[in-house]
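Asks: Encoded as structure tokens, here's the structure I'll be asking about.
Every number here is computed from the coordinates shown, using simple stated rules; none is lab data. Bear in mind the structure is a predicted one, so any value in this text is a computation, not a measurement.
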Amino acid sequence: MKITITEKKDNKLLNRLEVKGTLEFEQVTPSNAKLSEALAKELNNKLELVIVKSIYNEFGQQNGTFFAIIYDSLEAKEKIEMNTKHLKKQAAEVAKKTEEEKAAAEEAKQKEAEEKAQAAEKLAEEKKEAPEEVEKAEEPQKETVSEEKKESAEEKTPEEPQIKKKEGEE
């Protein structure tokens, strides 16, 4: 696709450059998007600021004329250009997606906070249970020690001689 700019008009009031020109192409007439990309490259501007208003073909030939507008800033473009139904619908879809992403992010944060709170509660419960377990663990050891003392004390008591006396008495 070959683009030739025939007229440039700088419109200071609307902060834009109005461009008219001709284009030569092969096969199919280029879309507005392709022409705006080519104009953005040729005039060293951002693609967002270029709007192609019209492309007119010459019947049976592979050339045509176009009219395009290149804004100085995105703010000037938004202020002047109308939002069509299609653009409004796209903007609404984008807004809906961003709201859904924000809601999902908030839910994830809440889940993380709940998990952290549950983990903290579990740790607190374990800490409460741990001293009780330690006390319980120490108590049986004391009992075993006292049982061992009783057994050793019983061993020291002369039970066997009493049994022998009983046997000898008979």
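Asks: Please state the relative contact order of the stretch 2-81 as a whole percent: Cα pairs under 8 Å, 6+ residues apart?
Replies: Working: 130 pairs, mean separation 26.2, N = 80.
Relative CO of the stretch 2-81 lands at 33 percent.
Asks: In Å, the Kirkwood hydrodynamic radius of the stretch 2-81 over pairs of distinct alpha carbons?
Replies: 12.9
Asks: Something else about it: I need the phi-derived Karplus couplings for the stretch 93-103: 6.51 cos²θ - 1.76 cosθ + 1.60, θ = phi - 60°, integer Hz, Gly and Pro marked x.
Replies: Karplus-based 3J(HN,Hα) across the stretch 93-103 equals 5, 5, 4, 5, 5, 5, 5, 5, 5, 5, 5 Hz.
Asks: Expressed in nm², what is the orientationally averaged projection area of the convex hull enclosing the Cα positions of the stretch 1-142?
Replies: Taking the Cα atoms of the stretch 1-142, their convex hull projects to 16.6 nm² on average.
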